[in-house]
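Below is one structure, written out as structure tokens, with a few remarks after it.
The values are calculated or read from the model by the stated rules, or taken from the named source; none is laboratory data. This structure is a prediction, so every number in the text was calculated from the model and none was measured. Neighbour counts are summed over all protein chains in view; Cβ atoms, including those assigned to glycine, are modelled from backbone coordinates with ideal geometry. The protein model used for the area step is the full one, side chains on, heavy atoms only, and it has no ligands, DNA or RNA in it. Shrake-Rupley method; radii C 1.70, N 1.55, O 1.52, S 1.80 Å.
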Amino acid sequence: MATARSKVSAGDITPNRRRGGDIRVLLGPATVGSTSGFMGVLTLEPGEFVSEHYHPYSEEFLYLVRGELTVRLDGEPVALAAGDALMVPVDVRHRVENTGTEQAQAVFQLGPLAPRPDLGHVDTEPLPNAAEPSLSVGDGR
């Protein structure tokens, strides 16, 4: 595990593609020993999405760096453009879709942590890449 003073590069993190897109937890329990939440980056190509899920313990903060996204909150679409931010409350189902014509990249942060990484996400639709290795988003792998 890295220390709290360690620099973490996105290229050093194995992407989690199980729920769709390229999700990389940069600062989390496994990478820097965080105890209150985790932060990472999401990259989606045009047409890609992160399947619908919710967080029973955590709020999620999403900041769109580039591209266009539609985030469906309990089924209701919210359009985001570069420079927009969105908070997803605890227990709100959400699905993130790249509805634009270019790659989208977002920074996300969740907190507080679930009691265990396997309790951090509840999937509510089939996973697009269910055959991918099961990496827990919240543990930083």
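Between a residue in segment 56-81 that is surrounded by fewer than 21 Cβ atoms within 10 Å (Cβ to Cβ) and any residue that is among the hydroxyl-bearing types (Ser, Thr, Tyr) and part of a loop (DSSP other than H, G, I, E, B), which pairs come within a Cβ distance under 6 Å, given they are 6 or more apart or on different chains?
Taking only residues 6 or more apart or on different chains, the pairs are 68/99; 70/99.
This table checks each residue for (1) under 22 Å from residue 68 (Cα atoms); (2) of a type in the set (Asp, Glu).
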residue: 98; (1), (2): yes, no
residue: 102; (1), (2): yes, yes
residue: 108; (1), (2): yes, no
residue: 112; (1), (2): no, no
residue: 116; (1), (2): no, no
residue: 128; (1), (2): yes, no
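What residue, among those in segment 16-43 that are modelled with pLDDT under 95 and polar (S, T, N, Q), is most open to solvent (accessible area, probe 1.4 Å)?
Across segment 16-43, the extreme among qualifying residues is 35.
Take residues that are closer than 16 Å to residue 21 by Cβ and tell me which of the strands (runs of 3 or more DSSP E) falling wholly in segment 47-141 contain 3 or more.
On the way: elements: 49-54, 59-66, 68-73, 76-81, 85-88, 94-97, 104-111.
So the answer is 49-54, 59-66, 68-73, 94-97, 104-111.
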